[in-house]
Amino acid sequence: MKAYFLRVWQTISRPSVHYSLGFLTLGGFIAGIIFWGGFNTALEVSNTEQFCISCHEMRDNPYDELKTTIHFSNRSGVRATCPDCHVPHEWTDKIARKMQASKEVWGKVFGTISTREKFLEKRRELAEHEWARLKANDSLECRNCHDFSYMDFTTQSVRAAKQHSTSLASGEKTCIDCHKGIAHHLPDMEGVSGW
């Protein structure tokens, strides 16, 4: 048996006209499967609420605020988690968002928002980045759950029904234009027009 393994090892370790290309192809294919599986597993693990609130900056600040909103607890029992609102569902959009979010890791490493005071100091800047991102993608994450075509305007307030049937339908506005602060407290909005 030992001689068999030794012969196989010699065959695949030396350059050969017949085996090296096949071995490299098979090895590359297997390595690709392992890499892809590991990559997708890491992607899914980092796309859970548990992962998001594993650092105290998120758990003690935005997550505590989320727990007091209708997105956390409501009559229908449907609950939005961090990735539902902050990570697109489509794979290509998700990868782009993950790459964008990788620079947020620097904030963790350098302690940019490591205390409540630091978080409150940067809150408006963080919120404006998120609002700009949602504005640019036409509130894609909101629309994953809130489909405009299924809205029942008769059960909405008169003001909401008017806004949804005109501004949203025309494409003039997107969800985040009117619904800032829906899941987290608003920062100090002094100096912002329309507030």
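Values quoted throughout were computed directly from the atomic coordinates according to the rules given, and no laboratory measurement underlies them. Here the structure is a predicted model, which means the values were calculated and not measured. Backbone-built Cβ (ideal geometry, glycine too); neighbour counts: all protein chains shown.
Remark: the Cα gyration tensor places segment 79-195 in the oblate category, a/c being 1.5 or greater and a/b not exceeding b/c.
Cα centroid separation, segment 95-151 to segment 56-81: 15 Å.
So if R0 is 30 Å, what FRET efficiency would Lys122 and Ala160 give, r being the distance between their Cβ atoms, rounded to the nearest 0.05? That pair, Lys122 with Ala160, gives E of 0.45. Sparsely packed loop sites in segment 107-147 (the chymotrypsin sites (Phe, Trp or Tyr not before Pro) outside DSSP H, G, I, E and B with at most 10 other Cβ atoms within 10 Å) comprise Phe110.
In straight-distance terms, cross-link reach from Lys180 covers every one of the lysines whose alpha-carbon lies under 28 Å from its own, apart from those fewer than eight places away in the same chain; here that gives Lys67, Lys94, Lys98, Lys103, Lys108, Lys118, Lys122, Lys135, Lys162. The loop-placed trypsin sites (Lys or Arg not before Pro) in segment 58-113, going by DSSP, that have at most 15 neighbouring Cβ atoms within 10 Å of their Cβ come out as Lys67, Arg75, Arg79, Lys103.
Sequence gap at least 6, Cα distance under 8 Å: using those rules, report the relative contact order of the chain to the nearest whole percent. Numbers along the way, then the final one.
Working: 102 pairs, mean separation 37.7, N = 195.
Value for the chain: 19 percent.
Here Rg and Dmax of the Cα atoms in Å was calculated from the structure, and among (1) 16.2, 49; (2) 24.6, 84; (3) 17.6, 63 it sits at label (2).
Our helix-only sum for the chain, with -39,500 (n - 2.57) per DSSP H run of n ≥ 4 divided by its residues, gives a mean residue ellipticity at 222 nm of -16000 deg cm²/dmol. Unpaired cysteine residues in the chain (no second Cys Cβ under 4.7 Å): Cys55, Cys85, Cys145, Cys178. Computed from label points 7 Å out along Cα-Cβ, the spacing between Trp131 and Thr69 is 1.3 nm. Membrane-span-like helices of the chain, defined as complete DSSP H segments with a Cα extent of 18 Å or more along the helix axis and a mean Kyte hydropathy of at least 0.5, are identified as 20-45.
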